Amino acid sequence: MNFIAKLFLKKYRSDNQVDRDKQITSLSKAKDIGLVCKITNEDSYKEINAIFVGLQKFNRTLWLMGYIDGKNIPFYCLQQLTADFFCNKDLNWYGRPEKVQIKDYMKREFDLLIDFTHDENDPVRTIFTLSSAKCLVGANRNNEDLYDIFIDSQADLSHKELLDQIQLYTEQLTGSNGQ
């Protein structure tokens with residue numbers, strides 16, 4: 001993205017940042033959970049889909065938003081009622097998400113919004129900056145300033161390892177770990 005486009009996106013995010021009602025909730029008690037990820041290949045899709053399906057078993061409302069850094073959404077990314085995917089053609093010229101589903105996603109007051117990305121990613125940063133979620137959590141150092149809970153790790157955690165860490169820390173912070 002060129003310099004001018006980045007400036008426009010940064011200004012858009014600062015002008016539209018949401019004043020959230022912050023509230024830390026444990027993963028086990030969260031009823032409405034948002035998942036944000038970057039899909040790089042079919043294996044990364046399968047890994048995040050396994051987490052998505054696994055969390056659905058616990059009677060929770062989930063919404064997955066997956067970003068593909070390309071012109072088209074691959075055939076293996078199956079759109080569902082609560083699983084949406086977007087690519088570069090769903091962004092305007094300076095990188096602002098234009099897809100209706102993304103705008104609805106950002107307005108939703110999730111109990112927990114989890115970032116499964118690892119690299120610098122302007123569309124994902126925009127989602128977290130403009131989100132109305134009560135608790136933002138992740139391990140991406142590029143988005144550390146946006147999180148309510150930052151999972152610090154020396155290595156990039158797998159999606160499953162990150163979810164386990166979120167479970168551990170949110171339960172410790174809320175006192176719902178049985179201790």
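Every number here is computed from the coordinates shown, using simple stated rules; none is lab data. On a predicted model such as this, the values are computed, not experimentally measured, just so you know. Don't worry about glycine lacking a Cβ; one is built from the backbone with ideal geometry, like all the others, and counts go over all protein chains shown.
Projecting the Cα atoms of 168, 138, 25 onto the charge dipole of the range 16-174 (Cβ charges, centred on the Cα centre) puts 25 farthest toward the positive pole. Estimated at 0.36 nm per residue, the fully extended path between residue 61 and residue 108 surpasses their Cα-Cα distance by 15.8 nm. Counting beta carbons within 10 Å around each of 26, 14 and listing the fewest first gives the order 14, 26. Backbone phi angles across the range 39-52, fed through the Karplus curve with coefficients 6.51, -1.76 and 1.60 (θ = phi - 60°), yield HN-Hα couplings of 8, 9, 7, 5, 5, 5, 5, 4, 5, 6, 5, 4, 5, 4 Hz in residue order; Gly and Pro are listed as x. The sum of -39500 (n - 2.57) across all DSSP H runs of n ≥ 4, divided by the residue count of the chain, sets its helix-only mean residue ellipticity at 222 nm to -11000 deg cm²/dmol.
Sequentially through the range 126-136, phi angles give Karplus couplings (6.51, -1.76, 1.60; θ = phi - 60°) of 5, 4, 6, 5, 9, 6, 9, 4, 6, 9, 9 Hz, Gly and Pro residues having no value and appearing as x.
With contacts taken as Cα pairs under 8 Å and at least 6 residues apart, the range 16-174 reaches a relative contact order of 29 percent.
Computed about the Cα centre, the dipole magnitude for the range 52-135 is approximately 260 debye when only Lys and Arg (+1) and Asp and Glu (-1) carry charge, each at its Cβ. Placing unit charges on the Cβ atoms only, positive for Lys and Arg and negative for Asp and Glu, gives the range 92-179 a dipole magnitude near 400 debye about its Cα centre. Counting every pair of alpha carbons in the chain, the share spaced more than 28 Å apart comes to 19 percent.
Between residue 82 and residue 145, the FRET efficiency estimated from the beta carbon spacing at R0 = 25 angstrom works out to 0.35. Maximal additional length on extending the residue 11-residue 155 stretch stands at 48.7 nm, based on 0.36 nm per residue less the C-alpha distance.
Only the Cβ atoms of Lys and Arg (+1) and of Asp and Glu (-1) were treated as charged; on that basis the dipole of the chain about its Cα centre amounts to roughly 540 debye.
Pairs of Cα atoms in the range 75-156 fall into 5 Å distance bins, from 0 up to the last occupied one, in shares of 3, 14, 23, 24, 21, 11, 4, 0 percent. Where in the range 102-128 does the amide nitrogen come within less than 17 Å of the point 7 Å from the Cα of residue 18, taken along Cα to Cβ? Zone members listed by number: 102-116, 123-128.
Karplus-derived 3J(HN,Hα) values for the range 96-109, using 6.51 cos²θ - 1.76 cosθ + 1.60 with θ = phi - 60°, are 7, x, 10, 5, 4, 4, 5, 4, 5, 4, 5, 7, 5, 8 Hz; glycine and proline are entered as x. A cut-off of 5 Å between modelled amide H atoms, ignoring neighbours fewer than 5 places along the same chain, links residue 62 with 33. When both bridge partners sit in the chain, DSSP labels roughly 10% of those beta bridges antiparallel.
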